[in-house]
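I have a structure I would like to understand better, so I am pasting it below and will then ask my questions one at a time.
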Amino acid sequence: MNFDDKLRWQYMCAAEVVNGRRLRGQPIPAGLKQYLQELEADSAEMSGSGPKTCDGADANRTMGVKEVATMLNITERHVRRIATRLGGRRVNGTWVFDRDIVENYRKQSA
């Protein structure tokens with residue numbers, strides 16, 4: 001395994017931890033955020049483009065119910081009620097939302 005592959009795997013592992021904590025509504029330690037940003041910068045310098053997570057999506061583009069509720073200033077229960085309108089999908093029993101779709105919804109409903 002070469003250095004680029006190791007860097008990509010480190011990024012994917014850190015991104016998975018961050019996404020998991022975000023989806024569960026847990027705080028993300030500042031050191032982990034910084035580590036992920038450093039990995040992104042290193043990878044971008046080496047490859048000319050930012051790294052991707054395992055499924056090809058940007059690590060910071062997904063949101064959990066708690067984040068969506070905060071962004072839209074509604075309750076978590078209401079987020080679950082309108083989840084399909086927000087483009088939500090269930091992953092292992094947890095609602096996951098695309099940040100762009102939620103932002104568009106917020107703009108349209110304002």
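Only the coordinates and a few stated rules stand behind these numbers; no lab work does. Predicted model only: the values in this text are computed from it and were never measured. For neighbour counting, all protein chains shown are included, and Cβ atoms are generated from backbone atoms with ideal geometry for every residue, glycine included.
Which FRET efficiency value, to the nearest 0.05, do you get for R81 and S109 by plugging their Cβ-Cβ distance into 1/(1 + (r/R0)^6) with R0 = 22 Å?
E between R81 and S109, to the nearest 0.05, is 0.95.
Something else about it: Rounded to two decimal places and with Rh computed the Kirkwood way over Cα pairs, what is Rg over Rh for region 62-109?
Reported Rg/Rh, Kirkwood definition of Rh: 0.91.
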